[in-house]
Amino acid sequence: MEYRAEGWAETNPGVPGVDTLGGRRLRAFVAYGRKVFDLQQGFESVRDGRRQPKVAPSLVAAAVFFCGLLRTRSFNALEPKLRERPFRRLIGAPPDGDTIGSADTLGRALRRIDLPTVQALSIGIIEKAERNKVFREGWHGALHTVAIDGWEPICSYNRHCDRCLVRQVRVELRDGTVVEKEQYYHRYVVAMLVDERFDMALDIEQLLPHDLRPKGAAKNDEDEGELTAAIRLLRRVKQTYGWLQVVVADGLYPNGPFLTVVKQLRMGAVIIARKNGDEPLKEALAIWDKQPAHEVVDDKKAGERLELWDCREVTTLKTYDGPIRVVRTVVTKPAQPTKPPTTWCMVATGVAASRLTSRQVLAVGRGRWHIENTGFHQWVTRWYFEHVFVHDALGILAIYWIFFAAFNLLTLFLYRQLQSYGRDRGRDVTRTISRLIDEMNDDLARLEHSPWDSS
């Protein structure tokens, strides 16, 4: 039976074959991925370095993909499903026959994975969505904005790999004594497309330990810093997604080296500025001195009063060749007179500095929190990104890339296909993403036919 629009089966329960297929939400998701994004071809393109594997890399990729999508907390929890017929149908394996492996099988395959083929799975979803004009409108000023930030999902005092970073941490023991212990951790820089409607995971770059950094790059056996990895990531992101126009980042990034790279990539930047004594914010504050706000806006929808100061031609940052725009905003809540005001200071360069109003610069800067909330918080609390599925740096990166593919496709399915989910649309906005995943898990048990069968 050919897949039809979401909601069609629920409104046509009497049609022969509809109720017997089972797994309506799950089948709809798979059909959307198969027909619009060639998801099955994406799985089949994944490769690894194992010799004559009994379990094809495509099945490994599919198993990990649905492990993330269905919020399975670990490979050990996933292992029983690998022997169950509904899950075997879901990942495209024959419902009967040879085993499709175990948690150890998944771990071995991920340690030998060909990472570019896994990256292509996630990138292909974004590129297809862009060709389908999903991101046509842009956000503020019709600009496409990417947020960049550091993220540390994994740390341990015991197990580690050759790419772990190491630090000394003071730990209080049970008897009350305090000792210093080595803590091993992985830190990444993540790029996320931030938008008013939905956010998409674009890329991830791991910070390198000192012994793996390029020769001459490490000083005094120092591990790589976030800024170095972020510059490497931003260059790759712009090369992959040439339609991105503005980068937004936190208070680590308003410096000459980063802004120079942004300029070389012909992008704009909106960067949070926190240190009053650092240029160019120092010069802007001196120019404004005790001037009244250049613009005052009462945003009744948000319940905020905005006082904005704007300085467009600051050139005192010696490590950057070009003018920098500085915007300061004091935000108060008239309905909460006892609440202290919040001050935002941002620097803007390039297209962001020239095309955005001061209020739009504020909105872009505040939009950086999407990567914290939609990204990091949700990935840790709902997608189990903090769990070490496999003790190998390459394997962890492969899992993250596959989970990114699942996250992005689920996001597109939610906000492009379903009418009863979403931030600003739908018949029942109380139906959350978690509820949808619960429905998909319920559907899995009723999956009587392969969702990949298009006949």
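The values are calculated or read from the model by the stated rules, or taken from the named source; none is laboratory data. Everything numeric here is computed off the predicted structure, so don't read it as measured data. Neighbour counts are summed over all protein chains in view; Cβ atoms, including those assigned to glycine, are modelled from backbone coordinates with ideal geometry. For the accessible areas, the whole protein counts, side chains as well, though only heavy atoms, and no ligand, DNA or RNA atoms are used. Shrake-Rupley method; radii C 1.70, N 1.55, O 1.52, S 1.80 Å.
What the table shows:
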| quantity | calculated |
| --- | --- |
| Apportionment of accessible area to carbon and sulfur, segment 64-158, percent (1.4 Å) | 43 |
| In order through segment 397-411: 3J(HN,Hα) via Karplus (6.51 cos²θ - 1.76 cosθ + 1.60), integer Hz, x for Gly, Pro | 4, 4, 4, 4, 5, 5, 5, 4, 4, 5, 4, 5, 5, 4, 4 |
| Sulfur and carbon atoms: percent of accessible area, segment 280-330 [1.4 Å] | 49 |
| Lys, Arg +1 and Asp, Glu -1 on Cβ, resulting dipole of segment 328-407 about Cα centre, debye, nearest 20 | 620 |
| Amide H partners (placed H, <5 Å) of Val388, local residues excluded | none |
| Residues with amide H under 5 Å from that of Ala273, placed H, sequence gap 5 or more | Cys345, Met346, Val347 |
| Residues with amide H under 5 Å from that of Ile154, placed H, sequence gap 5 or more | His186 |
| Chain lengthening between Ala142 and Tyr157 when straightened (0.36 nm per residue, less Cα-Cα) | 0.8 nm |
| Most positive-pole-ward Cα, Ile113, Ala142, Ala103, against dipole of segment 58-145 from beta carbon charges | Ala142 |
| Centre separation in Å (Cα based) which lies between segment 101-127 and segment 365-416 | 15 |
| Within the chain: Cβ-based charge dipole about Cα centre, in debye rounded to nearest 20 (Lys, Arg +1; Asp, Glu -1) | 480 |
| For the chain: accessible area per residue (Å², 1.4 Å) | 48 |
| Cα-based Rg of the chain normalised by 2.2 N^0.38 Å, two decimals | 1.09 |
| For segment 257-266, 3J(HN,Hα) per residue [Karplus equation, 6.51 cos²θ - 1.76 cosθ + 1.60, θ = phi - 60°, Hz, x = Gly/Pro] | x, 5, 5, 5, 5, 4, 5, 4, 7, 6 |
| Residue-wise HN-Hα coupling along segment 180-196, computed from phi with Karplus coefficients 6.51, -1.76, 1.60 (Hz; x: Gly, Pro) | 9, 10, 7, 10, 9, 8, 10, 10, 10, 10, 10, 10, 9, 5, 10, 8, 5 |
| Distance between modelled label sites at Gln41 and Gln336, nm, 7 Å Cα→Cβ extension | 5.0 |
| Farthest toward positive dipole pole in segment 158-303 [+1 Lys/Arg, -1 Asp/Glu at C-beta], among Val169, Leu207, Tyr253 | Leu207 |
| Extension gain, Val351 back to Glu127 (0.36 nm per residue minus Cα-Cα distance, nm) | 78.3 nm |
| Estimated distance in nm for a label pair at Arg83 and His210, the labels positioned 7 Å out from Cα along Cα-to-Cβ | 4.9 |
